[in-house]
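Asks: Take this structure, written in structure tokens, and hold onto it; I'll ask about it next.
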Amino acid sequence: MDAESTSPFIPRLEDAFNRVVRHMASANLSNQTVAPGPILSGSQRIVLRALVNDGACQVSEVANHLGVTLSAATGLVDRLVKAKLVTRDRDLKDRRVVWVKVTPDGEEAVKAAEARRRAALQGMVRNLSEQDLADLCQILEKIGMP
């Protein structure tokens, strides 16, 4: 298919992807019985997950990871500090360097948010067979993400 033509399936795919994204975003709000915890934005969840997996980082690394400006990352970290989900700690060897570290509350918050999202996703695919799920995974992996 060339750049001039568009498959008639593209609008359907766009609509389906939008519904999935909205549903996953609302899962953070609606599944408090699955895993109670603070409501996290997508960016907050991504940063907390990275800190849990990779350990402390600097705010500039947060900005690079999210693809946002340093000031946007600073504001995000400020909100996470205020919520007591991360701390800022000065480097003992170089006081100019500040490390962002996840707190135990931050670890619990990201676990709860991911449990709510996982439960929502399980609900969305409950009518699919194992083969349908395998096929869907294969197709999505083939599409890839930029």
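The values are calculated or read from the model by the stated rules, or taken from the named source; none is laboratory data. Since we're looking at a predicted model, the values are computed, not measured. Note that we place each Cβ from the backbone using ideal geometry, even for glycine, and neighbour counts take in every protein chain shown. These accessible areas exclude ligands, DNA and RNA; they are computed on the full protein's heavy atoms, side chains included. Shrake-Rupley method; radii C 1.70, N 1.55, O 1.52, S 1.80 Å.
Asks: When the label point is put 7 Å from the Cα of M24 along its Cα-to-beta-carbon vector, which residues of segment 90-120 have a backbone N closer than 11 Å?
Replies: Under 11 Å, as judged by backbone N against the label point of M24, lie 117-118 of segment 90-120.
Asks: Hey, another quick one. Roll a 1.4 Å probe over the protein chains and send me the accessible area per residue for the chain in Å².
Replies: Numbers: 10280 Å² over 146 residues.
About 70 Å² of surface per residue is accessible.
Asks: Using all alpha carbons of the chain, what is the percent of pairwise distances in each 10 Å bin, ordered from the shortest bin to the longest?
Replies: 10, 30, 30, 20, 9, 2
Asks: Hey, another quick one. Nearest 0.05, what FRET efficiency do D105 and V125 give at R0 = 35 Å with Cβ-Cβ as r? Walk me through the numbers on the way to the answer.
Replies: Numbers: r = 31 Å, r/R0 = 0.88.
Approximately 0.70, to the nearest 0.05.
Asks: Work through the residues other than T87 whose Cβ is under 11 Å from its Cβ and net out their charges, Lys, Arg +1 and Asp, Glu -1.
Replies: So the surrounding residues net to +2.
Asks: Right, next: Just read off the accessible area of R19 with the full protein assembly in place, 1.4 Å probe, to the nearest 10 Å².
Replies: The accessible area comes out at roughly 120 Å².
Asks: To the nearest 0.05, what FRET efficiency results for V97 and S71 with a Förster distance of 30 Å applied to their C-beta separation?
Replies: Numbers: r = 18 Å, r/R0 = 0.61.
According to the calculation, E is roughly 0.95.
Asks: In the chain, with Lys and Arg counted as +1 and Asp and Glu as -1 at Cβ, which of these residues, A115, N64, T87, has the Cα nearest the positive end of the dipole, that is, farthest along it?
Replies: Highest projection toward the positive end goes to T87.
Asks: I would also like to ask the following. Taking a probe of 1.4 angstrom, what is the accessible area of E108 in Å², to the nearest 10?
Replies: For E108, solvent-accessible area is about 110 Å².
Asks: With +1 assigned to the C-beta of every Lys and Arg and -1 to the C-beta of every Asp and Glu, and no other charges, what is the dipole magnitude of the chain about the Cα centre in debye, to the nearest 20?
Replies: Details: 20 positive and 18 negative charges, 157 e Å.
About 760 debye.
Asks: Then there is this: Quick check for the chain: number of Lys pairs with alpha-carbon distance under 22 Å, counting only pairs 8 or more apart or on different chains? Kindly include the intermediate steps, with their values, before the conclusion.
Replies: On the way: K82/K101; K82/K111; K84/K101; K84/K111; K93/K101; K101/K111.
Final tally of qualifying lysine pairs is 6.
Asks: Could you calculate the FRET efficiency of T33 with L13 from 1/(1 + (r/R0)^6), where r is the beta carbon distance between them and R0 is 41 Å, rounded to 0.05?
Replies: 0.80
Asks: Which percent of the accessible heavy-atom area of the chain goes to carbon and sulfur, probe 1.4 angstrom? Numbers along the way, then the final one.
Replies: On the way: 5790 of 10280 Å².
So the carbon and sulfur contribution to the accessible surface is 56 percent.
Asks: Something else now. What is the set of long-range amide H partners of C57 at a cut-off below 5 Å, with H atoms built 1.01 Å from backbone N?
Replies: V100
Asks: Please work out whether segment 94-146 counts as rounded, prolate or oblate from its C-alpha gyration tensor, where a ≥ b ≥ c are the square roots of the eigenvalues and a/c under 1.5 means rounded, while otherwise a/b larger than b/c means prolate and anything else oblate?
Replies: Numbers: a/c = 5.89, a/b = 1.97, b/c = 3.00.
It comes out oblate by the Cα gyration axes.
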